[in-house]
Amino acid sequence: MTANAQTGTYDVNINSPQYFSVKVPDGNYKVTVTVGSKKRKAETVLRAESRRLMVENAVTKRGQMTDYSFIVNKRSPRYVVVTDKGQREEIVKLKDREKAYLNWDDSLTIEINGAAPAVSRIQIERDTSATTIFLCGNSTVVDQESEPWASWGQMITRWFDSSVAISNHAESGLTARTFIGGNRLEKILTMMRPGDYVVCEFGHNDEKEKRPGDGAWYHYVYNLKIFVDKVRQAGGNIIFCTPTQRRFWQDDNKHIKDTHGDFPAAMLSVAERENVPVIDLNGMTRTFFETLGYEDSKKALVHYPANTYPGQDKPLADNTHFNTYGAYEVAKMVVKGLQELKLPFLKGLRPDWTGFDPAHPDAHADFKWYDAKSMDSKKPDGN
């Protein structure tokens with residue numbers, strides 16, 4: 001379902017999984033969705049753009065109508081650079097696979113899903129007051145477009161109310177250098193307002209670069225410094241996340257083998273020198289995997305036998321990329337890290353946030369996810 005008007009209130013009668021789209025300019029939008037049915041009990045999941053989780057599972061009794069509000073950040077690849085000589089239009093260098101993403105089109109899209117969805121009204125209004133958290137990174141951060149892949153950047157949205165917006169500019173296969181070279185940082189800087197935040201997680205792909213000067217202690221730290229300088233120059237706040245662990249085990253199958261070499265230490269060195277707050281995803285994901293154990297840790301990643309998903313004729317056994325459960329747990333680790341930093345925008349945490357300990361993760365059996373329509377068994381770029 002697509003509406004032509006830019007913003008407004010739409011009376012709808014949605015009782016099955018589907019998408020609702022409105023064409024709007026780039027920016028933040030407060031979306032208020034009325035869920036529930038006069039005739040039946042309903043269970044509704046709300047997601048935005050490329051599978052960003054907004055409302056996890058809204059259960060309403062027969063006759064009960066409840067409003068849920070959240071901020072959706074909408075963007076296109078285009079942006080304007082203003083200089084002393086005037087202004088010019090530039091464009092983010094998208095990968096071919098990104099060009100069909102809901103994240104990058106001209107519409108704001110709401111995905112209605114769930115066991116028994118019911119939506120009667122959708123209100124969309126421009127927002128200029130929310131604090132925006134911009135995300136930079138690779139396939140462990142990106143809003144993965146298709147099942148069964150997922151990343152923490154598209155799950156962390158679930159934990160914030162309408163005072164916080166998440167704008168995820170990560171993409172699979174990127175390094176700190178290629179993120180900058182693809183104009184993604186410049187796009188962020190044109191959208192960012194003083195006081196906003198930029199969160200960076202790089203390392204998985206940076207460690208595979210082999211050009212002269214590449215490595216943890218030269219090009220990697222050099223590019224991290226560019227993020228620090230440019231974000232602060234624009235009045236923003238920067239936060240680092242050390243890279244998530246891969247599910248690579250030592251010979252005893254009890255302890256994770258660190259595959260990132262000097263890259264976490266190099267990030268920490270820049271953080272210490274430049275006074276950048278750090279979230280230790282490297283350490284928390286190690287604890288998470290080791291707590292789950294050798295076999296159960298597969299349940300947090302894309303490990304599925306053949307024919308689990310339509311068109312998936314071969315088994316999937318990926319030890320880097322998270323599934324929806326794993327991404328949900330890592331998003332909780334990021335929120336935990338933000339809490340430890342005592343950041344002011346955390347007043348926007350939803351009241352059902354109860355904290356998280358990676359040594360005591362949520363049970364996989366208790367996690368529910370209703371698949372989106374988009375599925376792709378092809379592995380994302382990067383490792």
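Some values worked out for this structure:
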{"item": "Residue match in segment 57-73 (condition: within 22 Å of Asp127 (Cβ to Cβ), loosely packed, with under 13 Cβ neighbours inside 10 Å and at pLDDT below 95)", "result": "no"}
{"item": "Matching option when the condition is in a helix (DSSP H, G or I), among the small types (Gly, Ala, Ser) and either within 16 Å of the chain's Cα centre (by Cα) or within 29 Å of Ala372 (Cα to Cα) (or both), among Ala331, Ala317", "result": "Ala331"}
{"item": "Search result, residues across segment 67-85 that are closer than 21 Å to Arg52 by Cα and either among the β-branched types (Val, Ile, Thr) or without any contact (Cβ under 8 Å) to a residue 12 or more places away in the chain (or both)", "result": "Ile71, Val72"}
{"item": "Filter result (open to solvent by 40 Å² or more (accessible area, probe 1.4 Å), in contact with a strand residue (DSSP E or B) (Cβ under 8 Å, 6 or more places away or on another chain) and closer than 27 Å to Gly203 by Cβ) within segment 341-383", "result": "Leu341, Asp376, Ser377, Lys379, Asn383"}
{"item": "Leu94, sole failed condition from (1) of a type outside the set (D, E, K, R); (2) touching a strand residue (DSSP E or B) at 6+ places or on another chain (Cβ under 9 Å); (3) surrounded by 15 or more Cβ atoms within 10 Å (Cβ to Cβ)", "result": "(2)"}
{"item": "Members of segment 168-194 found to be among the small types (Gly, Ala, Ser) and buried (at least 24 other Cβ atoms within 10 Å of the Cβ), listed by number", "result": "Ala170, Ser172, Ala176"}
{"item": "Criterion: basic (Lys, Arg) and under 24 Å from Pro194 (Cβ atoms) - qualifying residue of Arg62, Arg126, Arg97, Arg121", "result": "Arg126"}
{"item": "Residues satisfying the stated conditions in segment 239-286, i.e. in a loop (DSSP other than H, G, I, E, B) and of a type in the set (Phe, Trp, Tyr)", "result": "Phe248"}
{"item": "Residue that is of a type in the set (D, E, K, R), open to solvent by less than 30 Å² (accessible area, probe 1.4 Å) and in contact with a Lys or Arg (Cβ under 6 Å, 6 or more places away or on another chain), where the choices are Glu125, Glu111", "result": "Glu111"}
{"item": "Val82 being modelled with pLDDT under 95, over 20 Å from Asp105 (Cβ atoms) and not in a loop (DSSP other than H, G, I, E, B)", "result": "yes"}
{"item": "Total residues in segment 287-307, condition open to solvent by less than 10 Å² (accessible area, probe 1.4 Å) and either touching a Cys at 6+ places or on another chain (Cβ under 7 Å) or assigned to a helix (DSSP H, G or I) (or both)", "result": "4"}
{"item": "Restricting segment 222-252 to residues that are in contact (Cβ under 8 Å) with a residue 40 or more places away in the chain, under 21 Å from Asn383 (Cβ atoms) and over 21 Å from the mean Cα position of the chain (by Cα), the residue that is surrounded by the most Cβ atoms within 10 Å (Cβ to Cβ)", "result": "Asn223"}
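Residue by residue, here is whether (1) assigned to a strand (DSSP E or B); (2) within 17 Å of Asn28 (Cα to Cα); (3) over 17 Å from the mean Cα position of the chain (by Cα); (4) β-branched (Val, Ile, Thr) holds:
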| position | (1), (2), (3), (4) |
| --- | --- |
| Glu125 | yes, yes, yes, no |
| Thr132 | yes, yes, no, yes |
| Ser139 | no, no, no, no |
| Ser172 | no, no, no, no |
| Ile180 | no, no, yes, yes |
| Leu185 | no, no, no, no |
| Ile188 | no, yes, no, yes |
| Arg193 | no, yes, yes, no |
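Residue-by-condition table, conditions (1) within 18 Å of Gln245 (Cβ to Cβ); (2) of a type outside the set (A, V, I, L, M):
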residue	(1), (2)
Gly337	yes, yes
Pro344	no, yes
Pro351	no, yes
Ala359	yes, no
Phe367	no, yes
Asp371	no, yes
Ser374	no, yes
Pro380	yes, yes
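The values are calculated or read from the model by the stated rules, or taken from the named source; none is laboratory data. Just so it is clear, the structure is predicted and the values come from calculations on it, not from any experiment. Neighbour counts run over all protein chains shown; Cβ positions are idealised from the backbone, glycine included. The area values use the complete protein model at the heavy-atom level, side chains included, leaving out ligands, DNA and RNA. Shrake-Rupley method; radii C 1.70, N 1.55, O 1.52, S 1.80 Å.
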